[in-house]
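**Student:** Have a look at the structure that comes next, please.
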Amino acid sequence: MSFTFTPERRARLDEVIGRYPRKEAALLPALRMAEEQAGCVDYDAMEHVAEILGVSPAKVLGVFTFYTHYRRPGTGRHLVQVCATLPCALRGAEGVFDAFAKELGIGKDETTKDGLFTLKKVECLASCGTAVCVQINDDYVENVTPDKVAGIVKDLREKK
Ligand code: FES
């Protein structure tokens, strides 16, 4: 196992664990901390989290794969997540997704060859009032329409 939390993160995780009646309740924040530390969550990180929380690695994997929001190894620098749930769908999410796919030259769950972008469809991002909502890394881009996509991608490319 090559992933271990830094002492500072481990202390923070222990503090979070202390807020719950059972250690395994801290699974989601533990995965988020692993992601913060390593830039993604790999199997080593999942095993480490499982050991700390006293659960099986399979349980951690099951939770990890249930959520689309965690970064997997190989995820591009800009993780573009287009909400595809009903309110966003009714406001044109499919067209927004297609515009990103065309602009980036990739499909669902794919990463551009230069490693800059990964494109995903996700469930509700809890910003239904500003549909179509797209999460790019930790930021929300709201009221997205297909005609805005080229500009969004251009800005991200310039940021690198
Ligand atoms: S349905 Fe898209 S943010 Fe809720």
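**Student:** Taking the condition of being over 13 Å from Val96 (Cβ atoms) and within 16 Å of the ligand (Cβ to nearest atom), how many residues in the range 107-151 meet it?
**Tutor:** Result for the range 107-151: 9.
Listed here are the residues, each with its yes/no results for (1) within 16 Å of the ligand (Cβ to nearest atom); (2) modelled with pLDDT of 95 or more.
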{"position": "Tyr20", "(1), (2)": "no, yes"}
{"position": "Leu27", "(1), (2)": "no, yes"}
{"position": "Gly39", "(1), (2)": "no, no"}
{"position": "Asp44", "(1), (2)": "no, yes"}
{"position": "Glu47", "(1), (2)": "no, yes"}
{"position": "Glu51", "(1), (2)": "no, yes"}
{"position": "Val60", "(1), (2)": "no, yes"}
{"position": "Thr68", "(1), (2)": "yes, no"}
{"position": "Leu90", "(1), (2)": "yes, yes"}
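**Student:** Can you name every residue in the range 76-92 that is assigned to a strand (DSSP E or B) and out of contact with any Leu (no Cβ under 6 Å at 6 or more places or on another chain)?
**Tutor:** Leu79, Gln81, Val82
The rows are residues; the columns are (1) polar (S, T, N, Q); (2) modelled with pLDDT of 95 or more; (3) more than 28 Å from Ala34 (Cα to Cα).
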residue: Gly54; (1), (2), (3): no, yes, no
residue: Pro73; (1), (2), (3): no, no, no
residue: Ala101; (1), (2), (3): no, yes, yes
residue: Ser127; (1), (2), (3): yes, yes, no
residue: Val144; (1), (2), (3): no, yes, yes
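**Student:** Please find, among Leu53, Leu86, the residue that is more than 18 Å from the chain's Cα centre (by Cα) and open to solvent by 30 Å² or more (accessible area, probe 1.4 Å).
**Tutor:** Leu86
**Student:** Give me the pairs: first residue in the range 128-140 and on the phi > 0 side of the Ramachandran plot, second residue more than 7 Å from the ligand (Cβ to nearest atom), beta-carbon distance under 8 Å, and six or more apart or on different chains, which are they?
**Tutor:** What qualifies is Asn137/His78; Asn137/Leu79.
**Student:** Working carefully through the options Thr130, Thr118, Thr112, Thr68, find the one that is among the hydroxyl-bearing types (Ser, Thr, Tyr) and more than 18 Å from the chain's Cα centre (by Cα).
**Tutor:** Thr130
**Student:** Given the criteria in contact with a Pro (Cβ under 9 Å, 6 or more places away or on another chain), over 28 Å from Gln37 (Cα atoms) and within 12 Å of the ligand (Cβ to nearest atom), does Ala84 qualify? Reasoning before the result, please.
**Tutor:** Values: in contact with a Pro (Cβ under 9 Å, 6 or more places away or on another chain): no; over 28 Å from Gln37 (Cα atoms): yes; within 12 Å of the ligand (Cβ to nearest atom): yes.
In short, no.
**Student:** Go through (1) within 17 Å of the chain's Cα centre (by Cα); (2) open to solvent by less than 10 Å² (accessible area, probe 1.4 Å); (3) within 16 Å of the ligand (Cβ to nearest atom); (4) among the β-branched types (Val, Ile, Thr) one by one and return the number of the condition Val96 breaks.
**Tutor:** Answer for Val96: the failing condition is (1).
The values are calculated or read from the model by the stated rules, or taken from the named source; none is laboratory data. Since this is a predicted model, take the numbers as computed values, not measurements. Virtual Cβ from ideal backbone geometry, glycine too; neighbours counted across all protein chains shown. These accessible areas exclude ligands, DNA and RNA; they are computed on the full protein's heavy atoms, side chains included. Shrake-Rupley method; radii C 1.70, N 1.55, O 1.52, S 1.80 Å.
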